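Heads up, the thing below is written out as structure tokens.
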Amino acid sequence: MRILVTNDDGINAPGLAVLEAIAAEIAGPQGEVWVVAPAFEQSGVAHKISYTHPMMIARLGPRRYAAEGSPADCVLAGLYDVLEGARPDLVLSGVNRGNNAAENVLYSGTVGGAMEAALQGLRAVALSQYYGPENRDMPDPFDAAAGHGTATIRALLDQGLWDQGDYRLFYNVNFPPLPAADVRGTRITRQGYRKESFFGVKPHISPSGRRFLWITGGPQHLPTAPGTDAAANLEGYISVTPMRADLTAHDALGPLADRFGG
Ligand code: MN
């Protein structure tokens, strides 16, 4: 099996090494793992592509590249430059430092990389490690992802739905904020919503006296609805959320058409 790996935390991120190890196990001794990851952290860039300027790409070692771009850029670089058109059997993005559950999905470069791979007609999975008081200070906060990542991907390859549609399915996996030994299992989930948790801004004054704004995040441990990603993670389960890039509000189509006279 040929696997393309990317992330949004950058080529030197600890979570990327975790995912490379997972990918190597899944690919097997005869398989290939190719890494094309951002040269610098790209958290929060979502599905951005750098189509107004070129990106530098550097070969760092065998099957290992850093590109000066977003995760989606890295997928494009992998497919059409590094792999020279050879199609990967699977694209993995992560393992992100921090959860990409609930509304975080919309901002996530990790998910953006997987979404671009799905749009390119490839099987794709985004993986993220929730951080919390029970794993944040462990020697390896990625313990849950490292311990359960391979089995989770194998289960998706064996039992997951992999359709051929235009906006084909891809998967968003979040590992709970626990040591691997304390993980309770896996739940198939919907994307949650953290009520009253919004991004905002806070002003700071630079050393030269100029006023800048930092984006502030909302609380990450608010409960989301039962059956959703963050709720499952906070109960100790790995969440697996099937996703599509089609943003149409399918529930509104019928009622809206009725109002507009069909
Ligand atoms: Mn990130």
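The figures follow:
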read-out	value
Every residue from the range 1-31 that is part of a loop (DSSP other than H, G, I, E, B), of a type in the set (A, V, I, L, M) and away from the ligand (no atom under 16 Å from the Cβ)	Met1
Single residue of Gly192, Gly132, Gly218 found to be more than 30 Å from Val33 (Cβ to Cβ), touching a residue at least 24 places away in the same chain (Cβ under 8 Å), open to solvent by less than 40 Å² (accessible area, probe 1.4 Å) and touching a helix residue (DSSP H, G or I) at 6+ places or on another chain (Cβ under 9 Å)	Gly192
Checking Asp158 against (1) part of a loop (DSSP other than H, G, I, E, B); (2) modelled with pLDDT of 95 or more; (3) of a type in the set (D, E, K, R); (4) closer than 25 Å to Ala86 by Cα, the condition it does not meet	(1)
Options Ala21, Ala86, Ala66; residue that is at pLDDT 95 or above and either open to solvent by less than 50 Å² (accessible area, probe 1.4 Å) or touching a His at 6+ places or on another chain (Cβ under 7 Å) (or both)	Ala66
Ala37 vs. criteria crowded, with 24+ Cβ neighbours inside 10 Å and closer than 24 Å to Asp140 by Cα	yes
Matching residues in the range 1-26 - criterion: being touching a residue at least 40 places away in the same chain (Cβ under 8 Å), over 13 Å from the mean Cα position of the chain (by Cα) and under 15 Å from Tyr65 (Cα atoms)	Ile3, Leu4, Ile11, Ala13
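Let's see how each residue does on (1) part of a loop (DSSP other than H, G, I, E, B); (2) within 16 Å of the ligand (Cβ to nearest atom); (3) of a type in the set (A, V, I, L, M, F, W, C); (4) over 20 Å from Thr189 (Cα atoms):
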site: His53; (1), (2), (3), (4): yes, no, no, yes
site: Gly69; (1), (2), (3), (4): yes, yes, no, yes
site: Gly78; (1), (2), (3), (4): no, no, no, yes
site: Val91; (1), (2), (3), (4): no, no, yes, yes
site: Asn100; (1), (2), (3), (4): yes, yes, no, no
site: Leu106; (1), (2), (3), (4): no, yes, yes, no
site: Ala114; (1), (2), (3), (4): no, yes, yes, no
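The values are calculated or read from the model by the stated rules, or taken from the named source; none is laboratory data. Computed from a prediction, not measured in an experiment: that's the story for all the values here. Reconstructed Cβ throughout: ideal geometry from the backbone, glycine too, with neighbour counts over all protein chains shown. Ligands, DNA and RNA are stripped out before the accessible areas are found, and what is left, the full protein with its side chains, is counted by its heavy atoms. Shrake-Rupley method; radii C 1.70, N 1.55, O 1.52, S 1.80 Å.
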